[in-house]
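The next block holds one structure in the form of structure tokens; read it before the comments.
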Amino acid sequence: MTFSADRLTSRPVLDCSAAEQAEAMNRSFEQYIVPLRFDVAAFQRRFRGENLDPVASRLWYCDGELVGVVLISRRGWTSRVAAMGLVVEARGQGLGKPMLQTAVDEARSRGDRSIMLEVFTNNPAAIRLYERLGFGITRTLSGFQRPAAPAPAAADELQETDPLAVARRIAQHGDEALPWMLAPETLAATTAPYVQAWQLPGGQAHALVRPEADKTVLLGLVVPAPLRRQGWGRRMVRALEARYADQLLLMPCLLPLGAGQELLKHCGWQPMGLELYEMERPL
């Protein structure tokens with residue numbers, strides 16, 4: 001099917017049903033580098049924490065047919081492209097540029113100071129598009145994993161705690177410039193039972209994880225500043241390995257260079273094959 005940029009129209013997500021949003025997302029990310037599939041509840045949980053703006057986010061059409069999505073999250077003076085994708089039939093027809101340019105123009109018109117996004121480093125076509133629209137790479141984000149293995153011989157017992165309390169700890173003691181998806185503002189929206197929060201018995205370290213059918217995803221880990229460089233981070237990792245023994249443990253490719261990467265490397269976690277560029281465009 002042939003589509004044309006001059007026949008593009010759009011609807012704000014605010015005017016679309018939850019089912020339409022989830023289905024548009026699924027169709028726009030078919031055959032993606034990392035498989036994505038949402039039901040309505042999963043879609044709502046995912047993007048609630050990212051501060052999705054239902055007015056700025058759009059479903060795009062050509063002659064009444066869905067061609068893609070551009071979802072926009074906003075905090076303060078910053079917009080973020082939370083998701084941008086095209087349905088399989090519409091790819092390679094020059095539609096991405098006007099769709100994203102609209103998001104850039106609207107962000108500028110409402111007074112935002114910058115717009116950002118993440119893109120897989122092995123997606124050169126998307127990177128070229130973003131660079132043509134003025135985005136520049138700000139940093140590389142990496143992921144780590146520990147294959148399923150028996151529990152460590154000795155590990156601390158974990159105490160379950162409130163996910164919101166852990167998000168507040170990360171806000172207080174975490175890095176200042178965490179990526180959007182790992183920022184305390186995002187993590188503060190997580191809730192049980194979809195996310196589990198743990199601490200060491202004396203409160204020396206805290207972690208948030210998301211159990212899934214085939215893996216457990218580490219979303220955040222923090223050691224209060226006065227207790228750092230005393231081995232508590234390593235003990236928390238070992239306690240998580242014991243708690244989720246015989247499961248794949250995964251830190252998504254969202255971790256910037258720094259103490260977090262060094263901790264996971266020190267604990268024997270292996271880098272994943274995928275990385276992200278974080279990109280930003282001043283407005």
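The values are calculated or read from the model by the stated rules, or taken from the named source; none is laboratory data. Since we're looking at a predicted model, the values are computed, not measured. Note: ideal-geometry Cβ built from the backbone for every residue, glycine included; neighbour counts use all protein chains shown. Accessible surface areas use protein heavy atoms only, side chains included; no ligands, DNA or RNA. Shrake-Rupley method; radii C 1.70, N 1.55, O 1.52, S 1.80 Å.
Every residue, every condition in (1) in the same structural domain as residue 161 (by the TED database); (2) touching a residue at least 60 places away in the same chain (Cβ under 8 Å); (3) closer than 15 Å to residue 195 by Cβ; (4) among the basic types (Lys, Arg), yes or no:
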{"position": "208", "(1), (2), (3), (4)": "yes, no, yes, no"}
{"position": "216", "(1), (2), (3), (4)": "yes, no, yes, no"}
{"position": "234", "(1), (2), (3), (4)": "yes, no, no, yes"}
{"position": "240", "(1), (2), (3), (4)": "yes, yes, yes, no"}
{"position": "263", "(1), (2), (3), (4)": "yes, no, no, no"}
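Hey, does region 120-141 have a residue that's of a type in the set (A, V, I, L, M, F, W, C), open to solvent by 70 Å² or more (accessible area, probe 1.4 Å) and assigned by the TED database to the domain that holds residue 179?
no
Within region 223-277, restricting attention to residues that are acidic (Asp, Glu) and surrounded by 13 or more Cβ atoms within 10 Å (Cβ to Cβ), which residue is farthest from the chain's Cα centre (by Cα)?
So the residue we want is 241.
Being under 20 Å from the mean Cα position of the chain (by Cα), surrounded by fewer than 19 Cβ atoms within 10 Å (Cβ to Cβ), modelled with pLDDT of 95 or more and closer than 24 Å to residue 34 by Cβ: is that true of residue 185 here?
yes
Quick test for you: out of 85, 76, pick the one residue that is outside the structural domain of residue 252 (by the TED database), open to solvent by 50 Å² or more (accessible area, probe 1.4 Å) and within 20 Å of the chain's Cα centre (by Cα).
76
The conditions are (1) more than 22 Å from residue 205 (Cβ to Cβ); (2) in contact with a Ser or Thr (Cβ under 6 Å, 6 or more places away or on another chain), and residue 247 fails exactly one of them. Which is it?
Unmet condition: (1).
Filter region 1-40 down to the residues that are more than 20 Å from the chain's Cα centre (by Cα) and of a type in the set (Ser, Thr, Tyr) and list them by number.
Selection gives 2, 4, 9, 10, 17.
When you scan region 55-70, do you find a residue that is surrounded by 19 or more Cβ atoms within 10 Å (Cβ to Cβ), at pLDDT 95 or above, aromatic (Phe, Trp, Tyr) and touching a helix residue (DSSP H, G or I) at 6+ places or on another chain (Cβ under 7 Å), even just one?
Yes - at least one qualifying residue is present in region 55-70.
I need the helices (runs of 4 or more DSSP H) fully contained in region 1-119, keeping only those with at least 2 residues that are without any contact (Cβ under 8 Å) to a residue 12 or more places away in the chain and either closer than 30 Å to residue 256 by Cα or in contact with a Phe, Trp or Tyr (Cβ under 9 Å, 6 or more places away or on another chain) (or both).
Details: elements: 18-28, 40-48, 96-109.
In region 1-119, the matching helices (runs of 4 or more DSSP H) lie at 40-48.
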